[in-house]
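Let me begin by presenting the structure, written as structure tokens, before commenting on it.
Quick note: the coordinates plus some simple rules give every number you see, no bench work behind them. The shown structure was predicted, so the numbers you read here are calculated from the model rather than taken from an experiment. All Cβ positions, even for glycine, are placed from backbone atoms using ideal geometry, and neighbour counts span all protein chains on display.
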Amino acid sequence: MIRTVAVTLTLLARLAEAVPSASARHVRASLVAETNAIVPGRPLLAGVRLQMDPGWHTYWRNPGDSGLPTRIRWQLPAGFAAGEIRWPYPERFSSGPVVSYGYAEEVLLPVEIAVPASAAGRVRLAARVDWLECQEACLPGKAEVELVLPVRASGAPSAAAPLFADTARRLPVRASAWSVRARMEPGALALRLRPPTGTTLRGAYFYAVTPRVLDYSGPQALAGSGPALRLVLPRDPNGVASPERLVGVLVAETAGGTIALEVNVPVASGAASSASSPSEQEKKR
Amino acid sequence: MKTPLAFLVASLAGAIVAVLPAAALAQAVVGQPAPAFSLPDSNGKTHALADFKGRFAVLEWWNYECPFVRKHYGSGNMQDLQRRWTGKGVVWVTINSSAPGKQGHVNGAKANALMREGGGAATAVLLDHDGKVGRLYGAKTTPHMFVVDPKGILLYAGGIDDKPTTDLADVKVARNYVEAALGEATAGKPVTVTSSQPYGCSVKYGD
């Protein structure tokens, strides 16, 4: 009897750690949480950690020219609810004229889990994760991951807490101190960027979330000087002719470091002189 | 006289080379003439886009080792489209832009063997090993589909359907854009969806 209890305790101790899945070939997925316990009625920050073999990558929410975004399907106890993935800003992978957006080495995809006030005992969080892993060749990957956590009055940082802290620095922030405006021009979409006073913009790259507006393989040119600059983004010639809004992430290189800003702005139409531009012809079709 | 002429020719050649990258960026734009090309097929016969004038043509970018391509060949979806539309007089060319040594690269014999085994029914498999035609069209993924009308105007550019997955089961529930474009265009109707996001593996171009 004592032995059975000991074995059960050992099993529970093991289950409390993230259970990795071995189903993928070059990427390992696991489920982690920022804290070591669930607190009734308080949201839990959990996340899927993907660890890639050297040279391999997985994809951002907009994979760019090729690839697929990673997908998480949660299996949670009654009363629990998962939010959307909080995507860290990605990096670019170029292969000739094909440019993709994703992550190499390691990424944590954080998700906030709503916890009911009635939570008690031990809670099993589980998810099915699907991704596309690519080096040069691509393979679909999937894993069933789970995490068992005790419910307590308060939680302490887990072993994964530093990973959440590092990831938080890569999450786009609301750009309230910045002015960002988008205008459609012939063949290009121009972003007018005005950083807050005292911030010098050295470089910028815009990762579009809105699909089928931009040509990801074309160069993005930062031009101008003074308080406002222009980032000229090449358009997808077969893309959406007149998008109403542009959503994405602006990664700005400043003297103070790299900042990722959430962008969600209306797109002003181009000047009247652009009536004969290819974009206008496209619109008529 | 010879020297200035040679100089002029060299300068012109330089100017043309300088213009090429911009021309390549122009890519294939729906509603405009599809870029002209000429490529050898898996049996050594050359096919030019101009040869297809008077008929609808489909261009399909292909890498047999790509899981997205395997979805459409493994389910029989691609071969079925090829068989039905070539049966109605449409030209269907399957284009391999994988560079030598890269995933999905095939020589003529390999292409023929794969298509025989898999029941492929394209008009021809074209070998674009230097990737020039792929780059000219802005082919990003396998598959990436283009439909050209009998006058050589590009009617459709984009994905094969609206389900960007590697799951074979999705073929049945997907909206197939190539089928729709060919169905409408061959019936004399305007094409409803003229472009979409292509999905798949990146085309394995050489460096």
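Please verify whether the range A:104-126 includes one or more residues that are in contact with a strand residue (DSSP E or B) (Cβ under 6 Å, 6 or more places away or on another chain), within 14 Å of another protein chain (Cβ to nearest Cβ) and buried (at least 20 other Cβ atoms within 10 Å of the Cβ). Taking every residue of the range A:104-126 in turn, none turns out to be in contact with a strand residue (DSSP E or B) (Cβ under 6 Å, 6 or more places away or on another chain), within 14 Å of another protein chain (Cβ to nearest Cβ) and buried (at least 20 other Cβ atoms within 10 Å of the Cβ). So is A:Ala120 outside any strand (DSSP E or B) and of a type in the set (A, V, I, L, M) or not? For A:Ala120, the condition - outside any strand (DSSP E or B) and of a type in the set (A, V, I, L, M) - is met. Residue pairs whose Cβ atoms lie under 7 Å apart, sitting 6 or more positions apart in sequence or on different chains, and linking a residue in the range B:133-159 that is more than 11 Å from chain A (Cβ to nearest Cβ) to a partner that is among the β-branched types (Val, Ile, Thr), are B:Val133/B:Ile95; B:Pro143/B:Val69; B:Pro143/B:Ile160; B:Met145/B:Val58; B:Met145/B:Ile160; B:Met145/B:Val178; B:Val147/B:Val58; B:Val147/B:Val178.
Condition check for A:Ser94 on (1) touching a Phe, Trp or Tyr at 6+ places or on another chain (Cβ under 8 Å); (2) of a type in the set (Gly, Ala, Ser); (3) part of a strand (DSSP E or B): one failure, at (1). The set of residues from the range A:211-243 being of a type in the set (D, E, K, R) and closer than 20 Å to A:Asn264 by Cβ comprises A:Arg212, A:Arg230, A:Arg235, A:Asp236.
Scanning the range A:34-62 for residues that are surrounded by fewer than 20 Cβ atoms within 10 Å (Cβ to Cβ) and closer than 22 Å to A:Cys134 by Cα, we see that the one that is nearest to the chain's Cα centre (by Cα) is A:Arg61.
Pairs meeting the criteria (first residue in the range A:75-97 and at positive phi, second residue surrounded by fewer than 17 Cβ atoms within 10 Å (Cβ to Cβ), beta carbons under 9 Å, at least 6 apart or on different chains) are A:Gly79/A:Ala114; A:Gly79/A:Pro116; A:Gly79/A:Ala117; A:Gly79/A:Ser118; A:Gly96/B:Gly206; A:Gly96/B:Asp207.
When B:Trp61, B:Trp92, B:Trp85 are checked against the criterion of being more than 30 Å from A:Tyr216 (Cα to Cα) and either crowded, with 21+ Cβ neighbours inside 10 Å or of a type outside the set (Val, Ile, Thr) (or both), B:Trp85 stands alone in meeting it. Search the range A:74-88 for residues being assigned to a loop (DSSP other than H, G, I, E, B) and over 16 Å from the mean Cα position of the chain (by Cα), and hand back the single one that is surrounded by the fewest Cβ atoms within 10 Å (Cβ to Cβ). Filtering the range A:74-88 for residues that are assigned to a loop (DSSP other than H, G, I, E, B) and over 16 Å from the mean Cα position of the chain (by Cα), the one surrounded by the fewest Cβ atoms within 10 Å (Cβ to Cβ) comes out as A:Ala78.
Scanning the range A:131-175 for residues that are among the charged types (D, E, K, R) and farther than 18 Å from A:Asp53 by Cβ yields A:Glu144, A:Glu146, A:Arg152, A:Asp166, A:Arg169, A:Arg170, A:Arg174. Evaluation of A:Thr258 against the conditions (1) hydroxyl-bearing (Ser, Thr, Tyr); (2) outside any loop (DSSP other than H, G, I, E, B); (3) surrounded by 19 or more Cβ atoms within 10 Å (Cβ to Cβ) shows that the sole unmet condition is (3). Of all the residues in the range B:190-207, those that are closer than 25 Å to B:Thr166 by Cβ and at the interface with another protein chain (Cβ under 7 Å from one of its Cβ atoms) number 8. Contact annotation: residue pairs with Cβ atoms under 8 Å, 6 or more positions apart or on different chains, pairing a residue in the range A:225-241 that is more than 10 Å from chain B (Cβ to nearest Cβ) and at negative phi with a partner that is surrounded by fewer than 22 Cβ atoms within 10 Å (Cβ to Cβ) and β-branched (Val, Ile, Thr), are A:Pro227/A:Thr197. For the range B:155-200, a residue qualifies if it is of a type outside the set (Asp, Glu) and more than 26 Å from A:Leu68 (Cβ to Cβ), and the qualifying residues are B:Leu155, B:Leu182, B:Gly183, B:Ala185, B:Thr186, B:Ala187, B:Gly188, B:Lys189, B:Pro190, B:Val191. Residues that are part of a strand (DSSP E or B) and surrounded by fewer than 22 Cβ atoms within 10 Å (Cβ to Cβ) within the range A:128-142 comprise A:Arg128, A:Asp130, A:Leu139, A:Pro140, A:Lys142, listed in sequence order.
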